[in-house]
Amino acid sequence: MSNEQARVDETVDSSDGQSLSTLTKVRNWLAHEKVPLIAAFLALLLTLPSLRVGFEADDYFHKLCLDPPPQFSKVCPSPWRLFMFFDGNEERTRQMMNMGVLPWWTNLKAKAHFHRPLTVLTHFVDHALWPNSALLVHLHNIFWYVLAVFVVALLFQELFHKKWLSGAAALCYAIDDAHGWAAAWTANRNVLICTFFGCLSVLA
């Protein structure tokens, strides 16, 4: 073997060794016990822009239910019914259509009533402490999203045999753009709360 060929082989071996070393370092980092905290921090950073979103869609329905004007009292007689959008009552549905809350083509007999007492309680807190601050309401949502990501990352550590895989899954979960809507829409907070307590239940 010539000296030149020997140098080429040595360079290739060295390159392979460096690649393996880098891969090992990445895997060791992903397997670190603090990855859930890092994933939660990433979730916080990536959802901070939602503080400027303001209220939208069902958020206004919730605001009307929590502080109803006289003409809205029959539509939402109790603040505990924040998620009672349709109850099959044709008169109530027609009244909501006349007020512009529902579109004109809504099925008068439609039913959609969700039992979400814990989520409703969190909206009570928003209304009691910062009723007119969309920023703080969104910050409350971010709080639940960060908790959800943290617990999901802990669950991954229990489910995956290889710890570096659990770390990679946790980081992918934290940066998934599909979660942006759930975190940024305050009326969708129930998804974040269900994820948090659901994963806690599995961990337990």
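For the stretch 100-123, how many residues meet the condition of being of a type in the set (S, T, Y) and assigned to a loop (DSSP other than H, G, I, E, B)?
In the first step, residues of the stretch 100-123 are kept if they are of a type in the set (S, T, Y); the result is 106, 119, 122.
Retained after the next criterion (residues that are assigned to a loop (DSSP other than H, G, I, E, B)): 106.
Summing the residues that are of a type in the set (S, T, Y) and assigned to a loop (DSSP other than H, G, I, E, B) in the stretch 100-123 gives 1.
Name the helices (runs of 4 or more DSSP H) wholly within the stretch 124-204 that hold at least 3 residues that are buried (at least 21 other Cβ atoms within 10 Å of the Cβ), among the hydrophobic types (A, V, I, L, M, F, W, C) and in contact with a Ser or Thr (Cβ under 7 Å, 6 or more places away or on another chain)? Quick ask: steps written out before the conclusion?
Working: elements: 134-159, 163-175, 180-184, 189-203.
Once the helices (runs of 4 or more DSSP H) in the stretch 124-204 are filtered for at least 3 residues that are buried (at least 21 other Cβ atoms within 10 Å of the Cβ), among the hydrophobic types (A, V, I, L, M, F, W, C) and in contact with a Ser or Thr (Cβ under 7 Å, 6 or more places away or on another chain), what remains is 134-159.
Kindly evaluate V120 against the criterion of being crowded, with 17+ Cβ neighbours inside 10 Å and in contact with a Phe, Trp or Tyr (Cβ under 7 Å, 6 or more places away or on another chain). Spell out how you get there, then give the answer.
Values: crowded, with 17+ Cβ neighbours inside 10 Å: yes; in contact with a Phe, Trp or Tyr (Cβ under 7 Å, 6 or more places away or on another chain): yes.
It is true that V120 is crowded, with 17+ Cβ neighbours inside 10 Å and in contact with a Phe, Trp or Tyr (Cβ under 7 Å, 6 or more places away or on another chain).
Out of curiosity, is T93 within 22 Å of R189 (Cβ to Cβ) and polar (S, T, N, Q)? Write out each step before concluding.
Details: within 22 Å of R189 (Cβ to Cβ): no; polar (S, T, N, Q): yes.
So T93 fails the test.
Quick check, is K63 open to solvent by 40 Å² or more (accessible area, probe 1.4 Å), basic (K, R) and over 16 Å from D126 (Cα atoms)? Let's see the steps before the verdict.
Working: open to solvent by 40 Å² or more (accessible area, probe 1.4 Å): yes; basic (K, R): yes; over 16 Å from D126 (Cα atoms): no.
Taking the combined requirement at face value, the residue does not satisfy it.
The values are calculated or read from the model by the stated rules, or taken from the named source; none is laboratory data. The model shown is predicted, which means the values in this text are computed figures rather than measured ones. Heads up, the Cβs are rebuilt from the backbone with ideal geometry, glycines too, and the neighbour counts pull from every protein chain shown. Ligands, DNA and RNA are stripped out before the accessible areas are found, and what is left, the full protein with its side chains, is counted by its heavy atoms. Shrake-Rupley method; radii C 1.70, N 1.55, O 1.52, S 1.80 Å.
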